Amino acid sequence: MIRNAGIEPHVVEYLKTPPSRPLLEQLIQRAGITARHLLRQKDTPYAELGLDDENLTDAQIVNAMVDNPALMNRPLVVSPMGVKLCRPSEAVLELLPSEQQRAFAKEDGEQVVGADGRRVAQ
């Protein structure tokens with residue numbers, strides 16, 4: 001994960017404001033993942049577009065995501081500590097300085113960090 005001083009933490013709002021091709025390529029590179037790793041299969045035109053073809057290049061996959069932003073897996077989070085595809089959701093904790101970690105629950109309500117800022121034993 002590459003650190004980025006001076007960047008305001010945010011979730012990439014890919015449906016409201018889809019990233020441009022250069023920005024998407026930069027986010028993928030900064031996250032240290034491949035374009036295929038960012039590719040969402042479920043509830044997208046993944047199959048219809050033939051994106052299961054292992055011979056597709058990263059450039060072809062990025063083109064598909066630029067044309068169809070719903071193909072981007074989520075959430076992609078940017079912070080001063082780096083860029084990360086936060087699946088599972090508690091992966092976002094790696095992007096927060098310890099003093100910012102407070103109570104945190106997953107989408108299903110499972111508590112991951114307690115009110116004291118400490119991870120809950122599972």
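The values are calculated or read from the model by the stated rules, or taken from the named source; none is laboratory data. What you see is a predicted model; the values in this text were computed from it and never measured. As a convention, Cβ positions derive from the backbone with ideal geometry for all residues, glycine included, and neighbour counts pool all protein chains shown.
Some notes on this structure:
- Qualifying residue in segment 22-30 (condition: over 16 Å from the mean Cα position of the chain (by Cα), surrounded by fewer than 17 Cβ atoms within 10 Å (Cβ to Cβ) and at pLDDT 95 or above): yes
- Qualifying residue in segment 82-98 (condition: among the charged types (D, E, K, R), in contact with a helix residue (DSSP H, G or I) (Cβ under 8 Å, 6 or more places away or on another chain) and surrounded by fewer than 18 Cβ atoms within 10 Å (Cβ to Cβ)): no
- All of (1) buried (at least 16 other Cβ atoms within 10 Å of the Cβ); (2) at pLDDT 85 or above hold for GLY50 with one exception: (1).
- Taking each residue of segment 59-74 that is free of Cβ contacts under 8 Å to residues at least 40 places away in the same chain and outside the structural domain of PRO22 (by TED's automatic domain parsing) and looking for partners that are crowded, with 16+ Cβ neighbours inside 10 Å and among the acidic types (Asp, Glu) with beta-carbon atoms closer than 8 Å, six or more apart or interchain, yields nothing.
- Hey, VAL12 surrounded by 14 or more Cβ atoms within 10 Å (Cβ to Cβ), under 18 Å from SER89 (Cα atoms) and out of contact with any His (no Cβ under 8 Å at 6 or more places or on another chain) or not: yes
- The residue list PRO18, PRO22, PRO45 contains one member that is part of a loop (DSSP other than H, G, I, E, B), under 27 Å from LEU95 (Cα atoms) and either of a type outside the set (Lys, Arg) or in contact with a strand residue (DSSP E or B) (Cβ under 8 Å, 6 or more places away or on another chain) (or both), which is PRO18.
- The strands (runs of 3 or more DSSP E) falling completely within segment 56-120 include none with 2 or more residues that are among the hydroxyl-bearing types (Ser, Thr, Tyr).
- Screening ASN55 on (1) assigned by TED's automatic domain parsing to the domain that holds LEU15; (2) polar (S, T, N, Q); (3) surrounded by 13 or more Cβ atoms within 10 Å (Cβ to Cβ) shows it passes everything except condition (3).
- Annotation: of all residues in segment 75-96 being among the charged types (D, E, K, R) and modelled with pLDDT under 85, the one that is farthest from GLY50 (Cα to Cα) is GLU94.
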